[in-house]
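Read-outs throughout are calculated quantities, based only on the coordinates presented, and are distinct from any laboratory measurement. Because the structure is predicted, anything quoted here is derived from the model rather than measured. In this analysis, Cβ positions are derived from the backbone assuming ideal geometry, glycine residues included, and neighbour counts consider all displayed protein chains.
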Amino acid sequence: MTTTRRAFLGQAAVAAAVTVPVFGAPAVAADGFDPRPGSDGVGDPLFPTLGNGGYQVVHYDLTFDFTPVTYDFTAVVRMNAQATQDLSAFNLDTDGHTIDAVTVNGRTAPFALSLGKSGQELTVTPAAPLHKGTPFTVAVTYRGNGKAPRAGLSGWKFGADGGFASAVQSSRADTFLPCNDTPSDKATWTFHLSAPEGYVAAANGELTGKDRRADGSTVWHFALRERMPTELLGIAVVKGTYLYGTSRTGLPLRHVVPQGEEDTYAPIVARTPDHLAWLEAKFGRYPFSVYGLHIYGGYTDALENSTLTLMGTNWFKLNADGNPTYENTMVHELTHQWFGDCVTPHDWQQAWLNEGPAVYYAALYSEERGWSRMADKMKATYGKLDAIRASDGPPGLPRGLGGTNIYDGGALVLYALQLQVGQRKFDRIMGQWPRRFKDRTVTSEDFIGHAVDVTGDRSLDPFLRDWLFGAVNPPMPGHPDWTATA
Ligand SMILES: [Zn+2]
């Protein structure tokens, strides 16, 4: 994401803990089988009930039948998962849905809704307990309305066209589907989105087919073959037009722009191959099988949804000097496809690993275009970061999301690293990161270890630790004159 408007937790409600049956709990079986409820959170420092314990999702298949203007929808999510403990019950994160039916391994399963800290918890009790390590399937049939009240914030963004786009980072995928809403659980996805005449559907991944129905609506099928966390869910039903292209390496590009404004946006999205080439020279091949921008009037921010960056129409103005500096934001979100989407923070306290590189490389792009100077930006950040460390936490230990500490502060950590090790070694650290940790979830500790491994320089361990976790800025290499009040 680009600015500070992230989906924060709503007012913390009283958490309803998963009910542990006191009576009738089976004794541990002779084979060690000891089914217990999975936890209602995975222990994210910033979002304690985000995600759920006891299983990992392998694949989500989402059928979503949305009616524009009324915002009603009916849906089915089918989940392939694997138990990571013996499970008597498990939770999904959800918010604002009417749950009609749940099955586990094809058998009807009792379920209950309770209030969690960032939405609701859907507790499912399989007819037969699940053994650790075994795959299982879950299907949830549900319905709702895009504008229905939620326990927490909503991830729905509405345009004047009566449609919607999803912007769910960091904790609101559960306003679209019951899911394991933590970045630490990445899965592959398929989507089946219906759109009436005059509307198009969009989703992460490749468009694999369309089926026209008797009522004139069309079901659009998409597949994302790479693993994606729920926070990067990018689905939409809008009055839009698909624009197609190809990168210089043959990557298919597909963009969705507002209907009737194709002439405005075609030259803008046509900048994407240059941006891709610029970043691929640094990080290697783009890590997904398709890319594009969804430009939508119902959104005012920019968000790196996997393979389909969402940007508001408000971005695309020339600056006071007549320069298209919105390209910096396009580069910011595209950088995230490597840093955040392909390599994903294990929990939200690691968010600087997303935003630091995105801010850094957007600033570098801006400098190379002659629009601004990296050193000026970094000196200004250095000047104010000590106060921000005190109020919001240092870049590697933020007390919340959306702050300068993880955005410009994260970029400042990278800038310091670059000055410390030199350009060549810095380029190797950053270029090998997405290759080494492709498809995985990572922590600051992984990054520190990676920098030491790539350079063979053990002094980078305390160096990065001071920058990431310290109460005050360390001296900036090469700039002893920089001060916290500069
Ligand atoms: Zn960002």
Length-normalised contact order of the stretch 344-469, Cα under 8 Å, at least 6 apart, in percent, tallies to 32
Quick calc, the chain, dipole around Cα centre from Cβ unit charges on Lys, Arg (+) and Asp, Glu (-), nearest 20 debye, gives 340
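Net charge near T137, counting Lys/Arg +1 and Asp/Glu -1 over other residues with Cβ under 15 Å of its Cβ? Display every interim value, and only then the final one.
Numbers: positive: R78, R107; negative: D61.
It works out to a net charge of +1.
Do any of K117/K147; K157/K186; K117/K384; K210/K239; K117/K377; K186/K384 go past 27 Å between their Cα atoms, and which? Could the numbers behind the result be given before it?
Values: K117/K147 20 Å; K157/K186 24 Å; K117/K384 32 Å; K210/K239 17 Å; K117/K377 37 Å; K186/K384 36 Å.
Among K117/K147; K157/K186; K117/K384; K210/K239; K117/K377; K186/K384, the Cα-Cα distance tops 27 Å for K117/K384; K117/K377; K186/K384.
State whether the chain is rounded, prolate or oblate according to the following rule on the C-alpha gyration tensor (a ≥ b ≥ c being the square roots of its eigenvalues): a/c under 1.5 gives rounded; otherwise a/b larger than b/c gives prolate, and the remaining case gives oblate. Intermediate values should be presented prior to the final figure.
Numbers: a/c = 1.92, a/b = 1.25, b/c = 1.54.
Cα axes put the chain in the oblate bin.
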The stretch 333-354 and the stretch 27-86 have their Cα centres apart by a whole-number Å value of 22
Between T249 and D34, Cβ-based FRET efficiency (R0 56 Å, step 0.05) works out to 0.65
One would report the antiparallel percent of DSSP beta bridges in the chain, rounded to the nearest 5, as 80
Once the in-chain neighbours fewer than 8 apart are removed, the lysines whose Cα is under 23 Å from K379 read K425
The stretch 240-342: relative contact order from alpha carbon pairs under 8 Å, six or more residues apart, as a whole percent, is 23
Whole-Hz Karplus couplings 3J(HN,Hα) for the stretch 40-54, θ = phi - 60° and coefficients 6.51, -1.76, 1.60, Gly and Pro as x, run 8, x, 9, x, 4, x, 9, 9, x, 9, 6, x, 8, x, x
Along the dipole axis of the stretch 244-372 (charges at Cβ: +1 for Lys and Arg, -1 for Asp and Glu; origin at the Cα centre), the most positive-end residue among Q350, Y299, T264 is T264
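What list do you get for K239, K384, K186, K317 if you sort them by fewest beta carbons within 10 Å?
Values: K239 19, K384 16, K186 24, K317 10.
Least crowded to most crowded, the residues run K317, K384, K239, K186.
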Ranked from fewest to most other Cβ atoms within 10 Å of their own Cβ, V219, V124 fall in the order V219, V124
For the stretch 344-469, the dipole about the Cα centre with charges only on Cβ (Lys and Arg +1, Asp and Glu -1), to the nearest 20 debye, works out at 240
Projected onto the charge dipole of the stretch 344-469 (unit charges on the beta-carbon of Lys, Arg, Asp and Glu, signs +1, +1, -1, -1), the Cα from F463, L401, L419 with the largest positive-side position is that of L419
Restricting to Cα pairs under 8 Å and 6 or more apart, the percent relative contact order of the chain works out to 12
